[in-house]
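Here, each number is a calculation from the coordinates, and none is a lab measurement. In this text, all values refer to a predicted model and were calculated from it rather than measured experimentally. All Cβ positions, glycine included, derive from the backbone under ideal geometry; neighbour counts span all protein chains shown.
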Amino acid sequence: MGKQPVRMKAVVYALSPFQQKVMPGLLKDIPGKISHKFSSSWMGATLLLGPLVGTYTYVQWYQEKEKMAHRY
């Protein structure tokens, strides 16, 4: 008895353009998530938000310095 080939059907996975809920909870209730993170672990939240706020503040200061550089 020899081996007989068996036909297999291909399975194709696709997302419908009308129902794309890949990560629906990712951006849901962001202020609540941040406040929970800060209340449960203030050190972790500080280490997360500190560099972000510091970088933003520095960029704003540097842009203002560049705008005013021509006055001196």
If a residue must be exposed (fewer than 10 other Cβ atoms within 10 Å of the Cβ), of a type outside the set (A, V, I, L, M) and assigned to a helix (DSSP H, G or I), how many such residues does region 27-60 contain?
4
What are the pairs with Cβ atoms under 9 angstrom where one residue, in region 44-72, is under 24 Å from I34 (Cβ atoms) and the other, located anywhere, is of a type in the set (F, W, Y)? Sequence gap at least six, or different chains.
G44/F38; A45/F38; T46/F38; L49/F38
